[in-house]
1. Out of (1) touching a Phe, Trp or Tyr at 6+ places or on another chain (Cβ under 6 Å); (2) farther than 30 Å from Arg235 by Cα, what's the single condition that is false for Val178?
2. Given region 328-429, what strands (runs of 3 or more DSSP E) lie entirely inside it while holding 3 or more residues that are over 28 Å from Gly310 (Cβ atoms) and at pLDDT 95 or above?
3. Would you say His164 is farther than 30 Å from Lys77 by Cα, touching a helix residue (DSSP H, G or I) at 6+ places or on another chain (Cβ under 8 Å) and away from the ligand (no atom under 16 Å from the Cβ)?
4. Has region 301-315 got any residue that is hydroxyl-bearing (Ser, Thr, Tyr), assigned by TED's automatic domain parsing to the domain that holds Ala407 and either touching a His at 6+ places or on another chain (Cβ under 9 Å) or part of a loop (DSSP other than H, G, I, E, B) (or both)?
5. State all residues of region 198-231 that are of a type outside the set (Gly, Ala, Ser), under 20 Å from Thr419 (Cβ atoms), touching a Lys or Arg at 6+ places or on another chain (Cβ under 9 Å) and crowded, with 19+ Cβ neighbours inside 10 Å; if no residue qualifies, say none.
Amino acid sequence: MTEKTLPPTDRPVTLAVLGAGNRGSVYANWAAEHPDRARIVAVAEPRDHHRKTLAERHNIPPERTFTSWKDLVAAGKLADAAIVATQDVDHVEPATALARQGYHLLVEKPMAPTEEDCRALVDAVRQTNVMFAVCHVLRYTPYTRLLKRVLDSGRIGTIMSVQHLEPVGYSHQAHSYVRGNWRREDESSSMLLAKSCHDIDWLRYVVGVPIERVSSFGRLSHFVRANQPAGAAERCLDCSVESSCAYSAKKHYLGMLRRGQTGWPLHVVSNDLTEDGVTRALREGPYGRCVYRCDNDVVDHQVVALEFAGGITGTFTMTAFSEQGHRRTQIFGTQGSIDCDGEKVRLFDFLTDQTEELTVESLGADAGSGHGGGDAGLMDSFTRALATGDPAHINSGALESLETHLAVFAAERARHAGTVEQVVPVPAL
Ligand SMILES: NC(=O)c1ccc[n+]([C@@H]2O[C@H](COP(=O)([O-])OP(=O)(O)OC[C@H]3O[C@@H](n4cnc5c(N)ncnc54)[C@H](O)[C@@H]3O)[C@@H](O)[C@H]2O)c1
């Protein structure tokens, strides 16, 4: 079903946003662009600038703006559904409380940093019977829909193996996983959960059967003190070798500003997007630190070997040490193979020895933006599920998401212990 064939509803669905940071704003912006589909009617956010900006954009009255999700919960049910876009450790408590109040839920990934909390959230959601989606946006891209259609059509026969690369990119790694919010496991989660739960989830989705066994290797090798160049300072603004450093915060953030690029990740660094404002943030804030002098501990490269049901094998590589780009995947079947790069799907047919190139259908302006159209696709599906009362529009519900989170936890156990781990099956899928 496309947007054009959405059944008419009496009113747009109403949404409360918890956490008006980067992700909360992305989803809220979708609502602003689709006023016939969704309206943001309440917000909880401690940072004044972010709360006010979102409240103004969506005309939210003061009695529906809160400085913490706890106050929003205490105010009773204010909307059909809530978007939980707080930090990783702050998903389960608000989501559980909101589910008990009857809110349908869109919850950012990861559901929670621990297996126990993921299970607790899924239990709460199932007991309350609310609609629930995890923001596994890659499942909702036009590209994934195209790939899935090709695989489901049987064009490459039975899938035997798959290899998948997530080239995080040197600058994205430095921003988010060395200097930024996801640099420490104790404050957020492992790299595999924070970044690549999307990939493990996506692989399971496109292969179409559960992951049964995993092993994994990976470590933090480069972004450590021992690799700090001679003459380097604690901050890039004071550094005598800054101009020869690929990871220079000056090069990255002031460079963006000077090129007139004020979007992500620059807007995470400072609300004041002037030369003075960004320079001050680099002088005082976390994003001006030398990448070799941070308090990071998450891995900068990792592989996971996977065995799916039926003996299908897979490998996944996450690396910081790349140009930032689309994920790349090869899928090997008994009748053909597929090589795909987030935009194009190249299919080689063993019978004809011909290669066919399939391109992503356009969903208009949304198709190329926000995770390849996944952010918009997710909002479209979630609000459609709410409007029609049909949870089948959601591709990343509680059990599907729990299953792939459990595969990530198993891979992390394997990496730490040097073992091959069974992935605990999720019943009733
Ligand atoms: N689906 C994806 O592709 C994707 C991409 C990036 C991040 N994420 C996930 O989205 C979540 C949010 O990430 P982000 O990049 O938007 O981070 P962010 O820091 O920009 O946003 C989180 C917001 O929560 C607010 N907050 C803190 N305490 C709060 C409270 N008590 N009540 C209400 N709000 C509170 C913070 O002030 C902040 O504005 C994280 O779990 C992250 O892992 C998902």
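1. (2)
2. Result: empty, no element qualifies.
3. Numbers: farther than 30 Å from Lys77 by Cα: yes; touching a helix residue (DSSP H, G or I) at 6+ places or on another chain (Cβ under 8 Å): yes; away from the ligand (no atom under 16 Å from the Cβ): yes.
So His164 fits the description; yes.
4. Here is the first cut: in region 301-315, the ones hydroxyl-bearing (Ser, Thr, Tyr) are 313, 315.
Those still in the list that are assigned by TED's automatic domain parsing to the domain that holds Ala407 too: 313, 315.
Right, trim to either touching a His at 6+ places or on another chain (Cβ under 9 Å) or part of a loop (DSSP other than H, G, I, E, B) (or both) and you get 315.
Yes, there is a match, as at least one residue in region 301-315 is hydroxyl-bearing (Ser, Thr, Tyr), assigned by TED's automatic domain parsing to the domain that holds Ala407 and either touching a His at 6+ places or on another chain (Cβ under 9 Å) or part of a loop (DSSP other than H, G, I, E, B) (or both).
5. Listed by number, the residues that qualify are Ile211, Val214.
Residues are listed down the side, and each one gets a yes or a no for (1) over 30 Å from Glu212 (Cβ atoms); (2) surrounded by fewer than 19 Cβ atoms within 10 Å (Cβ to Cβ); (3) aliphatic (A, V, I, L, M); (4) more than 22 Å from the chain's Cα centre (by Cα):
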| site | (1), (2), (3), (4) |
| --- | --- |
| Asp272 | yes, yes, no, yes |
| Val278 | yes, no, yes, yes |
| Arg289 | yes, no, no, yes |
| Arg293 | yes, yes, no, yes |
| Asp297 | no, yes, no, no |
| Ile312 | no, no, yes, yes |
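The values are calculated or read from the model by the stated rules, or taken from the named source; none is laboratory data. Here the structure is a predicted model, which is why all the values come from computation and not from measurement. A quick note on method: Cβ atoms are made from the backbone with ideal geometry, for glycine too, and the neighbour counts reach across all protein chains shown.
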